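**Q** Have a look at the structure that comes next, please.
The values are calculated or read from the model by the stated rules, or taken from the named source; none is laboratory data. Note that the coordinates shown come from a computational prediction; the quantities given were computed from them, not determined experimentally. Glycine also receives a Cβ, built like all others from the backbone with ideal geometry; neighbour counts cover every protein chain displayed. Heavy atoms of the whole protein, side chains included, go into the accessibility calculation; ligands, DNA and RNA do not. Shrake-Rupley method; radii C 1.70, N 1.55, O 1.52, S 1.80 Å.
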Amino acid sequence: MLDLKFIRENPELVKRGIRNKNEKDTVDDVLKLDEERRKLITQTEELKAKRNQVSSKIPQMKKAGEDVTEVLAEMKQVSDQITELDSKLKNVEEEIDKLLLFIPNMPHPSVPVGKSAEDNIEVRQWKPEGFSFQSDKKFLDHTELGKKLGILDFERGAKVSGSGFPVYIGKGATLERALINFMLDTHINQHNYKEVFPPFLVNKESMLGTGQLPKMEEDMYTIEKDGLYPIPTAEVPITNLHRDEMMSDKDLPKRYVGYSACFRREAGSYGKEAKGFLRVHQFNKVEMVKIVKPETSSDELENLVKDAEDILQALKIPYRILMLCTGDLSFSAAKCYDIETWSPAENKWLEASSCSNFEDFQARRAKIRFKRDGEKKPEFVHTLNGSGLATSRLMVSILENYQTEKGTIKVPEVLQKYTNFNIID
């Protein structure tokens with residue numbers, strides 16, 4: 001959430017940021033309500049000052065034997081006016097809050113301006129030694145491999161739950177579990193994150209805190225009877241661990257990593273490529289979350305990307321880094337890098353991770369603050385998160401890049417100690 005004072009003092013900057021994110025501009029509506037709010041506050045304060053001033057004289061008037069009937073009647077009218085104004089003020093503030101929840105975060109100045117994903121900027125690529133993107137080899141795609149080897153079953157997943165709910169079988173399930181454990185161990189032991197195993201269902205306040213609600217409500221699964229939401233990412237429960245908390249600067253930075261299943265309806269995505277893992281409603285992800293001081297968040301974002309890259313380099317999977325343009329940024333992000341892995345069968349890049357700096361946008365919504373040593377005034381922390389990584393698209397790249405001419409799959413060397421086998425046949 002943006003600070004109302006910031007919007008009031010920088011309306012054109014905010015409008016430009018909203019426009020560059022392809023979002024609806026409601027700044028003038030907010031400013032109009034804010035002006036009404038301040039007028040109501042002024043009127044209320046003047047009436048309260050008058051009531052206090054007169055009320056302090058009533059005991060003296062009574063002591064002097066004066067009739068206070070008219071004065072009491074007048075103060076009754078003043079109190080009624082105050083009550084009415086307070087009610088109007090509450091309604092106006094509620095309307096402002098509703099509008100503020102739909103205003104996106106402002107893009108960081110370093111983010112390129114653009115309308116869509118076509119305007120994203122490639123930062124760098126990485127590939128294993130000897131790898132070539134041009135190959136005469138015929139690649140089976142991950143769905144063909146999964147069916148041939150009996151390790152993936154999308155048809156039975158659709159029967160049990162519906163399309164977009166994959167089933168891992170036998171060595172496929174073991175490979176998925178190995179990948180998750182490898183990523184967790186790497187982030188914990190090499191990158192100094194603290195592991196969290198969070199709930200997979202969260203309440204509305206948690207979804208509001210990280211910005212999924214109300215903007216993306218149609219993309220969320222809901223359990224209406226209990227007021228709970230299956231999480232779209234572990235970012236939501238992990239960030240909200242510190243909702244409504246005041247921390248010391250000595251508590252920062254906090255770096256968490258956690259595995260979770262993730263659930264996304266992805267309303268409006270129909271018609272997009274939906275084969276196998278390319279579009280699913282349930283998938284697994286290892287998520288990195290950082291809560292840091294504002295002055296360090298830019299460096300923490302670069303380190304977050306590097307932590308995800310370390311995983312892919314260890315797996316020897318080709319990837320590239322994109323800096324997202326303003327038009328492709330998420331609602332809550334100020335800056336974001338996407339990491340895409342190479343699918344030889346599809347002959348294209350597939351998004352496997354997003355690493356975002358939200359600055360104080362989520363912290364303001366979730367009321368996560370800290371105090372510096374010796375300072376009385378609290379500040380909002382900066383929050384970041386990154387997929388480290390999502391397994392569905394990554395599994396596509398692993399299966400396809402590690403397939404042999406016989407149609408078997410070599411297990412990446414770093415995963416073999418978790419699987420206890422080195423080939424899937």
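**Q** Only residues in region 219-248 that are within 17 Å of Lys367 (Cβ to Cβ) count as the first member; pair them with residues that are assigned to a strand (DSSP E or B) and of a type in the set (Gly, Ala, Ser), Cβ under 7 angstrom, at least 6 apart or cross-chain, and list the lot.
**A** From residues that are within 17 Å of Lys367 (Cβ to Cβ), the pairs are Ile238/Gly258.
**Q** Sticking with this one: Is it the case that some residue within region 74-83 is at pLDDT 95 or above and among the acidic types (Asp, Glu)?
**A** For region 74-83, residues at pLDDT 95 or above and among the acidic types (Asp, Glu): absent.
**Q** Taking Pro128 as meeting all but one of (1) open to solvent by 80 Å² or more (accessible area, probe 1.4 Å); (2) farther than 19 Å from Val14 by Cα, write down the number of the exception.
**A** Result: Pro128 fails condition (1) only.
**Q** If you take the residues of region 131-143 that are open to solvent by 40 Å² or more (accessible area, probe 1.4 Å) and hydroxyl-bearing (Ser, Thr, Tyr), which of them is nearest to Gly276 (Cα to Cα)?
**A** Among them, the one singled out is Ser135.
**Q** Conditions: (1) in contact with a strand residue (DSSP E or B) (Cβ under 7 Å, 6 or more places away or on another chain); (2) assigned to a helix (DSSP H, G or I); (3) more than 20 Å from Phe283 (Cβ to Cβ). Leu145 meets all but one. Number of the miss?
**A** (3)
**Q** Name the one entry in Glu413, Glu359, Glu340 that is acidic (Asp, Glu), at positive phi and modelled with pLDDT of 95 or more.
**A** Glu359 is the lone residue from the list that is acidic (Asp, Glu), at positive phi and modelled with pLDDT of 95 or more.
**Q** Working only within region 99-131, note down all residues that are over 17 Å from Phe361 (Cβ atoms) and without any contact (Cβ under 8 Å) to a residue 40 or more places away in the chain.
**A** Correct list: Glu118, Glu129, Gly130.
**Q** Which residues, counting only those in region 132-149, are touching a residue at least 24 places away in the same chain (Cβ under 8 Å) and among the small types (Gly, Ala, Ser)?
**A** Ser135, Gly146
**Q** If I ask for residues that are open to solvent by 10 Å² or more (accessible area, probe 1.4 Å) and closer than 30 Å to Ile321 by Cβ, which ones from region 359-384 would you list?
**A** Of everything in region 359-384, those that are open to solvent by 10 Å² or more (accessible area, probe 1.4 Å) and closer than 30 Å to Ile321 by Cβ turn out to be Glu359, Asp360, Arg364, Arg365, Phe380, His382.
**Q** If you don't mind, there's one more thing I want to ask. How many residues does region 9-65 hold that are among the hydroxyl-bearing types (Ser, Thr, Tyr), in contact (Cβ under 8 Å) with a residue 12 or more places away in the chain and farther than 27 Å from His108 by Cα?
**A** Number satisfying all stated conditions: 2.
**Q** I need a count of the residues in region 74-105 that are open to solvent by less than 50 Å² (accessible area, probe 1.4 Å), farther than 23 Å from Gly211 by Cα and not hydroxyl-bearing (Ser, Thr, Tyr).
**A** Here the count works out to 5.
**Q** How many of the residues in region 106-125 are of a type in the set (Asp, Glu) and either under 21 Å from the mean Cα position of the chain (by Cα) or open to solvent by 90 Å² or more (accessible area, probe 1.4 Å) (or both)?
**A** Summing the residues that are of a type in the set (Asp, Glu) and either under 21 Å from the mean Cα position of the chain (by Cα) or open to solvent by 90 Å² or more (accessible area, probe 1.4 Å) (or both) in region 106-125 gives 1.
**Q** Whether any residue in region 346-353 is surrounded by fewer than 23 Cβ atoms within 10 Å (Cβ to Cβ) and within 22 Å of Lys148 (Cα to Cα) is what I want to check.
**A** Checked region 346-353: at least one residue is surrounded by fewer than 23 Cβ atoms within 10 Å (Cβ to Cβ) and within 22 Å of Lys148 (Cα to Cα).
**Q** Which of the numbered conditions does Asp185 fail, given that it passes all the others? Conditions: (1) without any contact (Cβ under 8 Å) to a residue 12 or more places away in the chain; (2) over 28 Å from Lys306 (Cβ atoms).
**A** (2)
**Q** Let me ask another. Please find, within region 144-188, the residue that is farthest from the chain's Cα centre (by Cα) out of those that are crowded, with 18+ Cβ neighbours inside 10 Å and polar (S, T, N, Q).
**A** Step by step, filter region 144-188, then rank; the result is Thr174.
**Q** Against the condition of a type outside the set (Val, Ile, Thr), open to solvent by less than 20 Å² (accessible area, probe 1.4 Å), assigned to a loop (DSSP other than H, G, I, E, B) and modelled with pLDDT of 95 or more, how does Ala308 come out, does it pass?
**A** Answer is no for this residue.
**Q** From the list Asp219, Asp226, Asp251, which residue is within 22 Å of Ser297 (Cα to Cα) and out of contact with any helix residue (DSSP H, G or I) (no Cβ under 7 Å at 6 or more places or on another chain)?
**A** Residue meeting the stated conditions: Asp251.
**Q** Test Ile321 against the criterion of being under 23 Å from the mean Cα position of the chain (by Cα), over 19 Å from Arg255 (Cα atoms) and surrounded by fewer than 24 Cβ atoms within 10 Å (Cβ to Cβ), and give yes or no.
**A** Spelling it out, Ile321 is indeed under 23 Å from the mean Cα position of the chain (by Cα), over 19 Å from Arg255 (Cα atoms) and surrounded by fewer than 24 Cβ atoms within 10 Å (Cβ to Cβ).
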